[in-house]
Amino acid sequence: MGKEFVMPKLGMTMEEGTITKWLKKEGDRIEKGEPIVEIMTDKVNMEVESPYEGTLLKIIAKEGDVVPILQPIAIIGEEGEEVKVEEKKEEVKAEEGIIKASPAAKRLAREAGIDLSLIKGTGPDGRIVEKDVLAYIEAHKKVEVTPQVTTEPSIKVSEATYREESISSLRREIASRLSRSYREAVHITLEFTADVTNIVKIRERLKEKASTNNLPVPTFNDIFVRIVSLVLKDHPNLNAHFDGEKLTIFNTVNMGVAVAVKEGLLVPVVKEAEKKNIFEIARITSDLVNRTREGKVLPDELSGGTFTITNLGMFGIDFFTPIINPPQVAILGIGRIKEVLKPGNMTVNEVVLSLSVDHRIVDGAPAAMFLRDLGEALKDPVLYLF
Amino acid sequence: MREITFAEAIREAMSEEMRKDPTVFIMGEDIGIYGGAFGVTRGMLAEFGPERIKDTPISEAAIVGSAVGSAMTGMRPIAELMYVDFATIGMDQLVNQAAKIRYMFGGKAKIPMVLRAPCGAGRGNAAQHSQCLEAFFVHVPGLKVVMPSTPYDAKGLLKSSIRDDNPVVFLEHKMLYNFKGPVPEEEYTIPLGVADVKREGKDVTVIATAMMVHKALNAAKELEKEGISVEVVDPRTLKPLDIETLVRSVKKTKHAIVVHEAVKTNGFGAEIVAVLVENAFDYLDAPILRVTAPDTPVPYSRPLEDEFIPQEKEIISAIKEIL
């Protein structure tokens, strides 16, 4: 009887996976460690290696099937063996025995998002130890690396001057999304200097209101979320998704807010931002940002964005070129708010806005008009209300 | 560098501090003409005279008690016990007076005393003269505890202990007294609370104290032939304990063995294991094992005594068990 090949648990939160592609056909010979199927989770698309050597006797789950973890997706055995696909969903639980792994191995597997059940232990009593996980990562890496990526350091350097690190699954996902975006979307970035003198004054009043009414204190970013959401209502083409063929224009603004986390960047989403007042936005963003940094944000809260705001002002950056978060078509970068002396000894507050749009969908002129309207709304928010 | 014995290093530390500071003096049983049970104070009477090399009655309670009293009133006494086993008689003075006074008087009084005591088995001195009782002292807030393994460490740490304004229990393994090692002629001190990596390795960390440091180093040499790279770390000061160095080593090697000559249950090794589990749990690839004496009195019979004392072969087999 062949061995069942089950839907692997590729991440801590993974409960099911989608078969995106079978890399082998029924009857194909398979080496242990050879990639045989591509599986997509909520976060990553990844090639999965065979834990066994043998012949792929039967594919149980077809491409496109969504399968809960640890359910069989194929049978691997010796050629000519009889295949019996048993329906034994109840027994699956019994197979989840305790995996003997050292704390160091568990930590590393957790950080790299690797399922320990895929790894064979070589420690005492078959315990999985750190070097087993390292070996697995190393073996896995070899499969994924494409020749174009490997570049020899141009200068020969001694081993002590650099180190190689395997990247986290989050970093891998970020890398693949960004390169896809940069490859597919035709990026143009427009720079606009907005007068935010009134915004600075209004924030002071919002702070007072927050403290007297025990409300959360809105950040400048919250104010941008609020005003950009309102202005987007007049520029629906920037509040859209484009998949290369179909353009989806949204009636409501789900505002993504880029948050730097330890391993990279996540974009939690404020749903229906244009319908929320500034204090609701402040409460939602501070909660989302905190939970994102703690790694407690839910997948739903990271998806569904229709437009993204990214802010580097706190680092003293004025202008930058944000990369669009696909399938969105625009992203707004916000720089630092600075005091500028104008003729007549007038001081105003200014901020540089960096709007990247996908030129396939949004031309320069409509992007500029959005920035102009946003600039007016920031300069005189009261007038914008009327 | 010149090499001197562990006993000479201790004598040098005391003599140098006594020459520099007139408040430093030594008291203990037969430390004058006789030079102490292990000859550590030999020759000191001639240089410093009976006022500063004080022979005492055979009463550990009196020795420790008068050390506490003189420390309170401005002296820096070094009290020598013949065997740490007899510290139990001076324990009330040490635990309830020395360790408490600075705290209970809100810092108005301080107890800058050092209690030196030989410990350990290996001479056939039987159950009442061979124990390692460091765990008793470490358990008392207010006491510092030092347990060196080399002449260099003994001298540097004893000088720091004498200069410290708190009571320090300084434990000298009696089998180390004739152990020679490099000690510079120029002045140096070693701060309390700093561990020392006696040998660097990458596969397993052996944390050992006193005599066991040398057994661990021998075991490391043996295992090197088999391709196993052993790191040996000596805490040197048990309290305050240099947790950072121990944790750094274990994070590197993922494996730890704790070796001490004291009996196993509630030994200082248990504390080290706890500290490692608290601070380096996620870096461990195996349980931490203790190599210690069994939970028995120290036997008088030499073959049994050898059996009692942890030896290289036990350290080696513990390392192999977890790798």
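The values are calculated or read from the model by the stated rules, or taken from the named source; none is laboratory data. Bear in mind the structure is a predicted one, so any value in this text is a computation, not a measurement. Glycine also receives a Cβ, built like all others from the backbone with ideal geometry; neighbour counts cover every protein chain displayed. Heads up: the accessible areas ignore ligands, DNA and RNA and are worked out on the full protein's heavy atoms, side chains in. Shrake-Rupley method; radii C 1.70, N 1.55, O 1.52, S 1.80 Å.
Note on the range B:80-209: Cα-only Rg and Dmax are 15.9, 49 Å. Candidate cross-link partners of residue B:108 among the lysines, defined by an alpha-carbon separation under 27 Å and a same-chain spacing of 8 or more, comprise B:20, B:100, B:144, B:159, B:239.
In whole Å, what three semi-axes, largest first, describe the equivalent ellipsoid of the protein assembly as shown built from its Cα gyration tensor (square root of 5 times each eigenvalue)?
Numbers: eigenvalues 896, 305, 87 Å².
That gives 67, 39, 21 Å for the three semi-axes.
At what distance in nm do the modelled label points of residue A:201 and residue A:213 sit from each other, each positioned 7 Å from its Cα along Cα→Cβ? It is 2.1 nm. A 1.4 Å probe run over chain B, with the rest of the protein chains in place, finds 41 Å² accessible per residue. Among B:219, B:109, B:135, which one shows the highest mean-square fluctuation when chain B is modelled as a Gaussian network with alpha-carbon springs under 10 Å? Greatest mean-square fluctuation among the candidates belongs to B:109. Surface calculation, 1.4 Å probe, protein heavy atoms: residue A:115 sits at approximately 20 Å² accessible. Both radii come from the Cα set of chain A: Rg as radius of gyration, Rh as Kirkwood radius; their ratio Rg/Rh reads 1.06.
Computed FRET efficiency, Cβ-Cβ of residue A:188 and residue A:277, R0 35 Å: what is it to the nearest 0.05? Let's see the in-between values first.
On the way: r = 33 Å, r/R0 = 0.95.
The pair residue A:188/residue A:277 has a calculated efficiency of 0.55.
Alpha-carbon geometry of chain B: the Rg and the Dmax are 19.3, 58 Å, given in that order.
Kindly report the accessible area of the range A:242-386 per residue (heavy atoms of protein chains, probe 1.4 Å, no ligands, DNA or RNA), in Å². Before the final figure, lay out the partial values.
Numbers: 7250 Å² over 145 residues.
That works out to 50 Å² per residue.
Entry for the range B:140-255 at q = 0.15 Å⁻¹: log10 I(q)/I(0) = -0.68, Debye formula applied to identical alpha-carbon scatterers, no solvent contribution.
Among residues other than residue A:276 with Cβ under 14 Å from its Cβ, the summed charge is 0 (Lys and Arg +1, Asp and Glu -1). Could you tell me how far the Cα centroid of the range B:125-165 sits from the Cα centroid of the range A:279-314, in Å? If we compute the Cα centre of each part, the gap is 56 Å.
With both labels modelled 7 Å from their Cα along Cα-to-Cβ, the residue B:314 to residue B:274 distance reads 2.2 nm.
Can you give the charge dipole size of the range B:3-82 about its Cα centre, rounded to the nearest 20 debye, using +1 on the beta carbon of Lys and Arg and -1 on the beta carbon of Asp and Glu? Could you put the intermediate results ahead of the total?
Details: 7 positive and 13 negative charges, 44 e Å.
For the range B:3-82, the charge dipole is close to 220 debye.
Listed by chain and number, the aspartates and glutamates placed with their C-alpha closer than 18 angstrom to that of residue B:225 are B:200, B:203, B:312, B:314, B:321; residues fewer than eight positions away on the same chain are left out.
Under a Gaussian network description of chain A, with springs only between Cα atoms under 10 Å, the residue in A:123, A:375, A:304 that fluctuates furthest is A:123.
Between B and A, buried accessible area summed over both sides at probe 1.4 Å, in Å² to the nearest 100? If you can, show how the numbers build up before the last one.
Numbers: alone 13540 and 22030 Å², together 34790 Å².
Using a 1.4 Å probe, the pair buries roughly 800 Å².
Structure remark: mean-square fluctuation, Gaussian network model of chain B, C-alpha springs under 10 Å; the largest value among B:176, B:284, B:143 belongs to B:284. Burial here means at least 20 square angstrom less accessible surface with every protein chain in place than with the chain by itself, probed at 1.4 Å; in the range B:279-311 the buried residues are B:281, B:282, B:283, B:284, B:285, B:287. Here residue A:131 is the anchor, and the lysines within straight C-alpha reach of less than 18 Å, apart from those fewer than 8 places off in the same chain, are A:100, A:106, A:120, A:141, A:142, B:202, B:251, B:252, B:254, B:320. With the convex hull of the Cα atoms taken as the outline of the range B:135-199, the averaged projected area works out to 5.2 nm².
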